[in-house]
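So the structure is just underneath, and the comments pick up after that.
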Amino acid sequence: MKRWRRALLRHEQELKHWSLWLDLANKHRNENYALGVEILKCRRLIKGYGDTHARGQSKFDQVLHMLQPLEGRQDAANWIARLREAALKDVDGSKLEGTIKTIHSFV
């Protein structure tokens, strides 16, 4: 099956997602280098196959979705790092949700 991987829909979706992630990191790298680096580190959230992959993808999207409210803040990189670490340590997502609520409270 390995030789057919490039023809599969999942591979196409992963390449599109990968490209958007790199473009986002490069965009923010020019404005805030530390934030660009933190965006690159967020890829650690996506691993495995099946449900594990889907959960990681969801957490990855939630973390990067918080870039918009953090736009222009000097501590944006720090908050993205906190979100990523909360997502990595948390199986059920409660720590990630709590960190997101904290960000929404001050933005």
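Values in this text are rule-based calculations from the coordinates and carry no lab data. The model shown is predicted, which means the values in this text are computed figures rather than measured ones. FYI the Cβ positions are ideal-geometry reconstructions off the backbone, even for glycines, and counts take in every protein chain you see.
Taking chymotrypsin sites (Phe, Trp or Tyr not before Pro) across the stretch 1-100, the ones in a DSSP loop with at most 14 further Cβ atoms lying within 10 angstrom of their Cβ are Y49.
Calculated mean residue ellipticity, 222 nm, the chain: -23500 deg cm²/dmol, from DSSP H runs (n ≥ 4) at -39500 (n - 2.57) each, averaged per residue and rounded to 500. What the Cα atoms of the chain give is an Rg and a Dmax of 14.8, 49 Å. Fewest neighbouring Cβ atoms within 10 Å first, the residues K101, K59 line up as K101, K59. Neighbour counts of other Cβ atoms within 10 Å put T99, T52 in the fewest-to-most order T52, T99. The Cα center of the stretch 93-107 and the Cα center of the stretch 32-77 differ in position by 14 Å.
For the stretch 73-90, putting each phi into the Karplus relation 6.51 cos²θ - 1.76 cosθ + 1.60 with θ = phi - 60° gives couplings of 7, 5, 9, 4, 4, 4, 5, 5, 4, 4, 4, 4, 5, 4, 5, 6, 7, 10 Hz, in residue order, rounded to whole numbers and with x for Gly and Pro. Remark: the stretch 32-47, residue by residue, has Karplus-estimated 3J(HN,Hα) of 8, 4, 4, 5, x, 5, 5, 4, 4, 5, 5, 4, 4, 5, 9, 8 Hz, where x stands for each Gly or Pro and the curve is 6.51 cos²θ - 1.76 cosθ + 1.60 at θ = phi - 60°.
Which one, E31, E14, E85, has the greatest fluctuation when you compute a Gaussian network model over the chain with C-alpha springs under 10 angstrom? With Cα springs under 10 Å in the chain, the top fluctuation among E31, E14, E85 is at E14.
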